[in-house]
1. May I ask you to list the residues in segment 141-177 that are small (Gly, Ala, Ser), assigned to a loop (DSSP other than H, G, I, E, B) and surrounded by 14 or more Cβ atoms within 10 Å (Cβ to Cβ)?
2. With respect to Val246, is the statement that it is part of a strand (DSSP E or B), within 29 Å of Ser213 (Cα to Cα) and among the β-branched types (Val, Ile, Thr) true?
3. Take Val186 and tell me if it is more than 23 Å from Tyr122 (Cα to Cα), touching a Ser or Thr at 6+ places or on another chain (Cβ under 7 Å), touching a residue at least 40 places away in the same chain (Cβ under 8 Å) and among the aliphatic types (A, V, I, L, M).
4. Taking the options Val246, Val217, name whichever one is touching a Phe, Trp or Tyr at 6+ places or on another chain (Cβ under 8 Å), within 17 Å of Ser195 (Cα to Cα) and either modelled with pLDDT of 95 or more or among the charged types (D, E, K, R) (or both).
5. When you scan segment 293-314, do you find a residue that is out of contact with any Ser or Thr (no Cβ under 6 Å at 6 or more places or on another chain), modelled with pLDDT under 95 and within 25 Å of Tyr228 (Cβ to Cβ), even just one?
6. Quick check on my filter: what residues within segment 226-253 are in contact with a Leu (Cβ under 7 Å, 6 or more places away or on another chain) and either without any contact (Cβ under 8 Å) to a residue 24 or more places away in the chain or surrounded by fewer than 16 Cβ atoms within 10 Å (Cβ to Cβ) (or both)?
7. Just to check your reading of the model, which residue among Lys308, Lys345, Lys328 is farther than 19 Å from Tyr273 by Cβ, among the basic types (Lys, Arg) and under 53 Å from the mean Cα position of the chain (by Cα)?
8. Let me confirm something: among Glu204, Glu182, which residue is of a type in the set (Asp, Glu), modelled with pLDDT under 95, crowded, with 17+ Cβ neighbours inside 10 Å and not assigned by TED's automatic domain parsing to the domain that holds Glu41?
Amino acid sequence: MGSIYRIILSLFLIQTVVINSRAGTGLPLSINPGPAQAMCEGGSAIIGGSPTASGGTAPYTYSWYPSTGLSSVTSANPTVTITGSTMYHIKVTDSTGISKTDSVYVYYNFIVFAHAGRDTAYCLGGSATIGKNNPAVAGISYTWTPSTGLNNASSPSPVASPTITTTYTLTVNQSPCSPKVEYVTVTVHQVPPVSAGPYVVINEGDKATLHASGAAVYYWSPNTTIMYNGTANPDAQPLSTTLYTVAATDKYGCHAFDTVSVIVLRYDDIILYNTFSPNGDGNNDLFYIGNIEKYPNCKLDIYNRFGKLVYTKIGYSNDWNGTNFGDKLPEATYYYILDLANGGKPYTGSVTIIR
């Protein structure tokens, strides 16, 4: 009799548990979205509580929104992978249709401020700012290595002025994320090895060809006695000994200077040239006679090959540009008679016009 009583009592207790389970705990529905989460770039986080829902009457249905970055919108504890901080909302409904909502914030703790900058270059003696887009933000630390040539190795955007080409490593730390590393190279172009060439000795009234090297563009001064300025090998026609300076620039825009002396020896004889090119380019446009300025009473006559006079002038001063009373003469060889009016024998010869 006792055994039968115990069996009946056990069945009654089991039925009571089942009924209580279906009826709920007797507590109101409660929702726990979990604590706010922080995730790092490339990482993930799990949202929801432990448990996410309690009380009310199980089972529960879950609905998360927005769906952006969620592994599931119906899971109690979905995984989040996002690229920006987001507020997530959850709605929990129990089996009797009772619902509750709550929210949880996921903070994207991203180190986007790790930008070493673009590779840059300058001439020796210059400088460049690296990491230009990095702001100074509390909780973010910057370390640049090597520190050589930097005004502040812990600055977000230091000024770099190394004397040789250097690659800098930027390490950015922001807890709890792993450090982020970037690189930038600062290229330093050295001063070009500019040479104005060796000194030159000429006779008074003669020309000297200068010989510069080591760069791409050259400018000579003083320029009043220079022909073909802007080149490495201009002609110099100084009336007296002159020190010329060449300012040269290489392909990187780096500058350097050098000097050369043209030593002029006194010389009274006339120096005659046999060609000139009156094309208006500013170089060799006139029939040049060296030392002609020493003979202000000279007379120059020019004839074509038929013996016709095409130019004449008393007191010639290197100003014939290959014209006949304003008309351009054709390319040809012409013949001159130069009388210095000093009692000596006139000079004769030919000069060719090249256009």
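The values are calculated or read from the model by the stated rules, or taken from the named source; none is laboratory data. All values derive from a computational prediction rather than experimental measurement. Glycine also receives a Cβ, built like all others from the backbone with ideal geometry; neighbour counts cover every protein chain displayed.
1. Gly149, Ala153, Ser155, Ser157, Ser161
2. On the way: part of a strand (DSSP E or B): yes; within 29 Å of Ser213 (Cα to Cα): yes; among the β-branched types (Val, Ile, Thr): yes.
Judged against the criteria, Val246 is a match.
3. So Val186 does not fit the description; no.
4. The conditions single out Val246.
5. yes
6. Correct list: Asn233 only.
7. One residue alone meets the criteria, Lys328.
8. Numbers: Glu182 fails: crowded, with 17+ Cβ neighbours inside 10 Å.
Residue meeting the stated conditions: Glu204.
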